[in-house]
């Protein structure tokens, strides 16, 4: 027993801090150090909570200290919230910090722009964390930009129930949280950002028009749905400032903090249901969705465009960038990159024409088993049933199809030859490596067959400038896509995605892809 008692005393001496009931501390004398002088809580929408940010407070001295007063300058009226070493509040006293140690302060805010002084759609809200003691005071600034917005959301039906949309028919019918836009909501302007909760639906016979420079933000599991015989017209314009993109239409999530700027899968999709018609996206960026655009079917006339894409960028989608099932799509100067499955999927047949487009896939967030571009004329609808439709055409001219996998083109057709499977790649750069000859007997991958492949190049580096940040510009004199384009197609799309002239009317071949090559300084 004496032995055990002695061990207990020894342990207490060795583990001094864990055996002490209190600390003898001295007051802080203004010598605290901080992990940052200003905590920027970035930009938030009115009434939407910010992320949690942290500040580390260091005691570099050899003494255990206490901070007599730690508070927000605006006290209890401040719109910031603190958590100091696990304790929430806005004002604290005698906060202890051990010698050569530190504590964490966590900061959040939720702001209502209507309750803030001043006017306008943006307001810079600030406060300070004050550290007082020993006759001195230290401060850390807090800064948040709050934006006003137009909020669109399903009606609250009470009992935690919200308005829903019914999709499908009969036994296949199901509901999603959503609502139909009324006639006064069918024009999105650039005056304020839009924040959408649930699916905002465009009704039959209605058109949602989106003005140049509009910004549309989606909450988790939200998006836009265009019903049968409805349309969406998102027609942006070229921008003078390539950084501000003042005339570009942008679809993204409602998380504005930089840490969320490139995170895939933050919202649902732009859902163009079967029968929707006359859909158009020009000078538009779509990013961070599950599926960027989901095109389900056509408007009943497979020879007319149901979706037109001009100068469109689609990035960071957790599943597919552009997914079409039996759609009719025309695209030019389209760039898609960084998709968890395929960047472009043309499934269940349809009719497609893409000129001067770049389909890259450099996804690194998980294992990817799909190619950058997948084309087929069937779709499984149950364990025993498969829907089949004609692939009327899938024509790619002056395009790049590349990525970080050996085979970035996938082609699959049903055995029944009565169903059409027409496709052609002209003056395009394609990655398709088959070192073991797994596909050498598949006629769809006979790259010498000019019915399928015309003047196209395999497995040569496009030399994209930086795929990690979706910069799929190419370098002059280095890119294999430099100067391999077809002149006739370039005359149809005379200006690239940067606004650079492709040399229409000249004898110099254009580059493949959405961009003309650029000089890169040494």
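The values are calculated or read from the model by the stated rules, or taken from the named source; none is laboratory data. Owing to the predicted nature of the structure, the values given are computational and were not obtained by experimental measurement. Because the Cβ atoms are built from the backbone with ideal geometry, glycine has one as well, and the counts that use them run over all protein chains shown.
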Among residues of the range 188-209, those that are more than 23 Å from the chain's Cα centre (by Cα) and under 26 Å from residue 43 (Cβ atoms), counted: 0
Subset of the range 62-84 [touching a strand residue (DSSP E or B) at 6+ places or on another chain (Cβ under 9 Å) and more than 20 Å from residue 40 (Cα to Cα)]: 63, 64, 65, 66, 67, 68, 69, 76
Matching option when the condition is modelled with pLDDT of 95 or more and surrounded by 24 or more Cβ atoms within 10 Å (Cβ to Cβ), among 319, 288, 337, 298: 337
Pick from the range 373-410, criterion part of a loop (DSSP other than H, G, I, E, B) and free of Cβ contacts under 8 Å to residues at least 12 places away in the same chain, ranking: surrounded by the most Cβ atoms within 10 Å (Cβ to Cβ): 381
Odd one out for residue 206, checked against (1) touching a helix residue (DSSP H, G or I) at 6+ places or on another chain (Cβ under 9 Å); (2) under 30 Å from residue 37 (Cβ atoms): (2)
Residue match in the range 480-490 (condition: touching a helix residue (DSSP H, G or I) at 6+ places or on another chain (Cβ under 6 Å) and surrounded by 13 or more Cβ atoms within 10 Å (Cβ to Cβ)): no
Verdict on residue 344 being touching a strand residue (DSSP E or B) at 6+ places or on another chain (Cβ under 9 Å), over 20 Å from residue 471 (Cβ atoms) and buried (at least 19 other Cβ atoms within 10 Å of the Cβ): no
Exclusive hit being touching a helix residue (DSSP H, G or I) at 6+ places or on another chain (Cβ under 7 Å), surrounded by 16 or more Cβ atoms within 10 Å (Cβ to Cβ) and either modelled with pLDDT of 95 or more or part of a strand (DSSP E or B) (or both), set 123, 131: 123
Candidates 435, 521, 509, 462, filtered to the one that is surrounded by 14 or more Cβ atoms within 10 Å (Cβ to Cβ) and at pLDDT below 95: 509
Among the candidates 279, 247, 274, residue that is surrounded by fewer than 18 Cβ atoms within 10 Å (Cβ to Cβ) and either at pLDDT 95 or above or touching a helix residue (DSSP H, G or I) at 6+ places or on another chain (Cβ under 7 Å) (or both): 247
Residues within the range 169-207 that are part of a strand (DSSP E or B) and in contact (Cβ under 8 Å) with a residue 12 or more places away in the chain, tallied: 15
Yes/no for residue 121 being under 28 Å from the mean Cα position of the chain (by Cα), touching a residue at least 40 places away in the same chain (Cβ under 8 Å) and over 30 Å from residue 194 (Cβ atoms): no
Per-region count, the range 136-168, residues free of Cβ contacts under 8 Å to residues at least 60 places away in the same chain and either touching a helix residue (DSSP H, G or I) at 6+ places or on another chain (Cβ under 6 Å) or more than 22 Å from residue 218 (Cβ to Cβ) (or both): 3
Test: residue in the range 218-233 that is in a helix (DSSP H, G or I) and either out of contact with any strand residue (DSSP E or B) (no Cβ under 7 Å at 6 or more places or on another chain) or on the phi < 0 side of the Ramachandran plot (or both): no
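Table: residues versus (1) assigned to a loop (DSSP other than H, G, I, E, B); (2) under 20 Å from residue 344 (Cβ atoms); (3) touching a strand residue (DSSP E or B) at 6+ places or on another chain (Cβ under 9 Å).
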{"position": "416", "(1), (2), (3)": "yes, no, yes"}
{"position": "419", "(1), (2), (3)": "yes, no, yes"}
{"position": "435", "(1), (2), (3)": "yes, no, no"}
{"position": "439", "(1), (2), (3)": "yes, yes, yes"}
{"position": "447", "(1), (2), (3)": "yes, yes, yes"}
{"position": "472", "(1), (2), (3)": "no, yes, yes"}
{"position": "478", "(1), (2), (3)": "yes, no, no"}
{"position": "483", "(1), (2), (3)": "yes, no, no"}
